[in-house]
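The values are calculated or read from the model by the stated rules, or taken from the named source; none is laboratory data. Fair warning: this is a prediction, and the values are worked out from it, not measured in the lab. Cβ atoms come from the backbone with ideal geometry, glycine included; neighbour counts cover every protein chain shown.
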Amino acid sequence: MNLTLKVWRQSSPNATGRIETYEAKNIPSEASFLEMLDIVNEGIIESGGDPIHFDHDCREGICGACSLAINGVPHSKESGITTCQVHMRKFREGDTIWIEPFRARAFPVIKDLIVDRSAFDRIIAAGGFIDVRTGSAPEANAIPIGKEDADTSFDAATCIGCGACVAACKNASAMLFVGAKAAHLNILPQGHTEKDHRVLAMVRQMDAEGFGNCTNQYECEAVCPKEISADVISKLNRDYAAAAVREAVAD
Amino acid sequence: MNSLGKTLLRFWNSSIGKKLIVAITGLMLVGFLLGHMAGNLLIFQGREDLNDYAEFLHHMLHGWGIWFARIGILGAFVLHIVATVSLVQQNRAARDSRYSCDATVQAPTSSRIMIWSGLTVIAFVIFHIFHFTVRLDPDLAAMKDPSDPARHDVYGMVIAGFQNPLVVLFYIVAISLLCSHLSHGIASVFQTLGLRTVKTRVAIRNLGLGIAVLLWIGFLSIPFLVAVGALEEPATPAAASAPVIEAAKS
Amino acid sequence: MASNATSKPSQNGSLNSAVPEGPLPEKWTRYKAKAKLINPANKRKFSVIVVGSGLAGGAAAATLSELGYQVKCFCYQDSPRRAHSIAAQGGINGAKNYQNDGDSVWRLFYDTIKGGDFRSREANVHRLAEISLQIIDQCVAQGVPFAREYGGALANRSFGGAQVSRTFYARGQTGQQLLLGCYQALEKEIAKGGVKMYTRTEMLDLVVVDGHAKGIVVRDLVTGEITSHAADAVILATGGYGNVFFLSTNAMGCNVTAALRANKRGAYMANPCFTQIHPTCIPVSGDYQSKLTLMSESLRNDGRIWVPKSKEDAAKIRNGELKATDIPEDARDYFLERKYPSFGNLAPRDISSRSAKEACDEGRGVAKTGLGVYLDFSDAIKRLGKDTIKARYGNLFQMYEKISGEDPYELPMKIYPAVHYTMGGLWVDYNLMSNVPGLHVLGEANFSDHGANRLGASALMQGLADGYFVIPATLPSYLAGQKPGSVKTDAPEFKQVEAEVKERINQLMSVKGTKSVDSFHRELGMLVWDKCGMARTEAGLKEALAKIPKIREDFWKNVRVPGTAESTNMELEKAWRVADFIDFAEIMCHDALAREESCGGHFREEYQFTNEDEDVKNGYTNPGEAKRRDEEFAYVSAWEFKGPGVPPVLHKEPLEYEAVELSVRSYK
């Protein structure tokens, strides 16, 4: 198939970016979206140009590296998948496809379609963990965890940290990401002790990184490749309110 | 600053803290709107009931009640606006670049125009207060209840107030935007308070829509019915008097 | 050389495995009791470099930081959370015996040794089985959401190569959940200041000072800057080399550079020919293909594998004249059921993979490329109903449909084997230290625990065992003999290596040829897949060894690397990696040629059971099974780099089995 690509090109973090047009010719419909870009890049390299840079690694939807906004929607409008799982058969001959980086102030562009998502790492470092030293763990079956809690926690734990939630949000809010990690750990008994500290610290770091606020439009859950529900945001709000009150009145 | 003060300041400065303030003040304002609408609907009971109700509001707690209510509502209103404007500024800054190809997957329009519907409501509220509370129009201010010339004729004022088609049009637009604001806002209150879960999700959405529709019908039924002439003509200031209902005064 | 007080004298004067004395089940306990310790005040003075942030590297960096060492951790990804450990699906073994089905540390040890076709080191494997218990405790405490029973206890499932249920799992995302636990522990230590993390930073060379590994030279993948980092010890946890085959289930960035550079600086490469081919992957659909996707092996429980009996039918399917459903029952060849009646479609991974290859080599493949066989669920759907099949495999069917565009409920799936794990790696002793003192190697990057074939759910176990529990206990054995901070990056050795790295980058940038990096990688991959893949022969390996130098020559003459070296340049990253893959492929083929036996993932066509063999006659095994030659080849082959263009030199670490008896691997 033959397509027209409108691709964001930006040579470095401080350079001015712009949309450039490329013709993608003779693309097999079985190819994946990233393989289509591979083919286009091979052509660019042969003609002496600089290939289109984009993040990608596992190409099976789990590492969270790939991060393209396809026609304005992170990971494309197909639900429950990452960019690397988009296949060309979903497009039609002659289509024009817009390819842009995930956009947010907290995700500055590094080059072309590559953005810096290290803000997510710093949010996890602020409190997205259970502080247990290697070797100090009790016997694994010592704390029974009901299947329902285990499953709910798991649903939140499936987050791959891709940042689509931020990219889709009109406010570039990271609430789904933070809510997912807080829910994963707060639901489990192992994570109860640090619950208040966790939500307060993570939310403060999230704010400091310059993410926006949730206005409950749920674009995030619509594009989440793991289909994490915005219920985790509700839970984060609840846990935060409780933690803030306890912090205000505690000795 | 003491440590409680610090905590409160931190709360205000945090994204979720500010949203909680928006949610709680929003909830108060929704409560006010429901009460206001219920009172307005007394117009369909006739002049006497509505004017009794208005008189009751002005005299409860020896006249202090209405001022407590007004200050409370104004406080909530101002906090709601200040917090929201601050959040919107942060949100604009957080998304400093736009997609060349912009797309929305599931966010309803009402949720995307919150700031515009909100600002319209502010303008409307100011107009509405000068229109029916302060009564800048001397004709409206001078209206007296035909059955008790000592008291103001709210009933007559409403009907007179809606004689101007431009005023009616503004009310329709503003109330529609207010209800659009509420259709997203009410459900959002539950999300921000952390009460939206997998079990309550659908009920909360429907509750938000339901209240918005109810308020839309309730508020707009009055200008609509006045415009089509379904309510009595306004009484003139010189109209004959009627016995005063003491019960309403006490 | 390894300097543990409890180690045995060297077997052949060159490789000392440093296995502690004592009966097998007590070795690790005794080791820990006698191992050297470093007092807390001194730990702060020691610095350690960890390259790689997957299960092994991340766990090591976090744990060493908890102990008080100053850790620097490097990964090429934008976040440690994206290391390829994340893609592991199935589960992690732990000999907890929660199911009360007779499991024990001994059984896990034995299954792993047997599964590895008796080519791994007993003492290491037993230690792995012992530590498996602690790993589960540790991960649960971190909040890894393992599957649970309704009563709240941990659930287990069975996995290939074992008769007990000892696999802990987190849906089909066990690797992801374990890695996130490990990543969170790492981030916690980063926040506390114990670990300095360098993301988007790739190690390009190892620095050896006075015979000890004391640092690395790295490239910042964003700015292109080349810098040196010195430390008192270096730990490589850089994963496997499956991408030498170009197409594999590995992530696109997985590479052999760190291990190969260490090899060139003196560390021996062990058993590089041991690669594991997974039978159930989605077949290649065209030349543009970049990556293969694994489908869980559990599909073989209900799916039947077949190809048409006749080449003509297969050709018609390939060109679209016929569909699978057009082939009548009697024209189908259910080849696994035919060849291995007792195991049928559940034959071991290596056997199933080779049988599929044979069928396709005969011209009976069904995918467009000719490389694919059917995995057919129509009988199972008839027998159990679509709903049952959907409940069992729904997400896998969905994944298949997304990639292939075909509905597996209507048409049979097409599958083909693909490379997905490499058992070989840098040689290490019991301390996980290579023959270069100070250089430690963990996880898939070392050769230590899986012999010639890895059992399912064992890779995650090994990575975490090495990182959380082994290296923190064994590293002091080395560090105790070192003066902390004795080497700095201003040492001439660092300047020398930095200059060499810059020179090599210059060379890559200045070729300015006409062919893309990928085209060379593809060419190399096809060659080694063909000659050193599922089945190997002496002639084929010699042919590969003759062709690889030509690919190298062509590469250095004609490769095109656009852009500049002083900026983000993904073609330059790939070019460096591919240049190293080319060199590595040579060592791999040398190893495959030298190992004149078949074992586990290494199948030399010359060495297989035939109907003449006693073990076949008495029904113990089947013709076509791998035939080991224990008398001559019960050793670890460790290859020493001898200079560019010079064949590597083989060193042998004999494998002595004290606790188990070598037997023919049979799953009958």
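Quick notes
- Filtering the range A:25-76 to residues that are in contact with a Cys (Cβ under 9 Å, 6 or more places away or on another chain), among the small types (Gly, Ala, Ser) and more than 7 Å from every other protein chain (Cβ to nearest Cβ) leaves A:32, A:61, A:67.
- Residue-level check: of (1) more than 17 Å from the chain's Cα centre (by Cα); (2) closer than 27 Å to residue B:222 by Cα; (3) of a type outside the set (A, V, I, L, M), residue B:35 misses just (1).
- Taking (1) touching a helix residue (DSSP H, G or I) at 6+ places or on another chain (Cβ under 6 Å); (2) closer than 17 Å to residue B:187 by Cβ; (3) facing another protein chain (nearest Cβ under 7 Å) in turn, residue A:238 satisfies each apart from (1).
- The residue pairs whose first member lies in the range B:170-187 and is more than 15 Å from residue B:31 (Cα to Cα), whose second member is polar (S, T, N, Q), and whose beta carbons are closer than 6 Å, counting only pairs six or more residues apart or on different chains, are B:174/B:120; B:177/B:117; B:177/B:120; B:180/B:110; B:180/B:117; B:184/B:110; B:184/B:111.
- Residues (at the interface with chain A (Cβ under 10 Å from one of its Cβ atoms), surrounded by fewer than 21 Cβ atoms within 10 Å (Cβ to Cβ) and in contact with a helix residue (DSSP H, G or I) (Cβ under 7 Å, 6 or more places away or on another chain)) located in the range C:116-136: C:134
- Some residue of the range C:427-444 being at pLDDT 95 or above, surrounded by 24 or more Cβ atoms within 10 Å (Cβ to Cβ), within 30 Å of residue C:369 (Cβ to Cβ) and touching a helix residue (DSSP H, G or I) at 6+ places or on another chain (Cβ under 9 Å): yes
- The single residue among A:112, A:155, A:116 that is within 26 Å of residue C:198 (Cα to Cα), buried (at least 20 other Cβ atoms within 10 Å of the Cβ) and of a type in the set (Asp, Glu) turns out to be A:112.
- Checking every residue in the range B:152-174 against the condition of being among the small types (Gly, Ala, Ser), at pLDDT 95 or above and crowded, with 16+ Cβ neighbours inside 10 Å gives at least one match.
- The set of residues in the range C:441-500 that are in contact with a Lys or Arg (Cβ under 7 Å, 6 or more places away or on another chain) and farther than 30 Å from residue C:140 by Cβ comprises C:452, C:480, C:484, C:485, C:487.
- Any chance residue C:224 is within 17 Å of the chain's Cα centre (by Cα) and either in a loop (DSSP other than H, G, I, E, B) or closer than 25 Å to residue C:523 by Cβ (or both): no
- Residues located in the range C:606-618, provided they are touching a Lys or Arg at 6+ places or on another chain (Cβ under 7 Å) and either touching a residue at least 60 places away in the same chain (Cβ under 8 Å) or not hydroxyl-bearing (Ser, Thr, Tyr) (or both): C:608, C:609
- Within the range C:165-221, considering residues that are under 30 Å from residue C:298 (Cβ atoms) and basic (Lys, Arg), the one farthest from the other protein chains (Cβ to nearest Cβ): C:166
- Pick from the range A:60-81, criterion outside any strand (DSSP E or B) and closer than 22 Å to residue A:1 by Cα, ranking: nearest to the chain's Cα centre (by Cα): A:75
- Filter result for residue C:276 (within 25 Å of the chain's Cα centre (by Cα) and outside any loop (DSSP other than H, G, I, E, B)): yes
- Taking every residue in the range C:653-668 that is under 22 Å from residue C:426 (Cα atoms) and pairing it with any residue that is at pLDDT 90 or above and charged (D, E, K, R), at least 6 positions away or on another chain, the pairs with Cβ-Cβ distances below 7 Å are C:655/C:119; C:655/C:121; C:657/C:122.
- Residue among C:448, C:486 that is buried (at least 24 other Cβ atoms within 10 Å of the Cβ), polar (S, T, N, Q) and part of a loop (DSSP other than H, G, I, E, B): C:448
- Residue under evaluation residue C:549, criteria (1) more than 24 Å from the chain's Cα centre (by Cα); (2) under 22 Å from residue C:115 (Cα atoms); (3) surrounded by fewer than 15 Cβ atoms within 10 Å (Cβ to Cβ); (4) in contact (Cβ under 8 Å) with a residue 24 or more places away in the chain, criterion not met: (2)
- Here the condition is being crowded, with 23+ Cβ neighbours inside 10 Å and more than 14 Å from chain A (Cβ to nearest Cβ); of C:528, C:561, C:517, C:501, it holds for C:528 alone.
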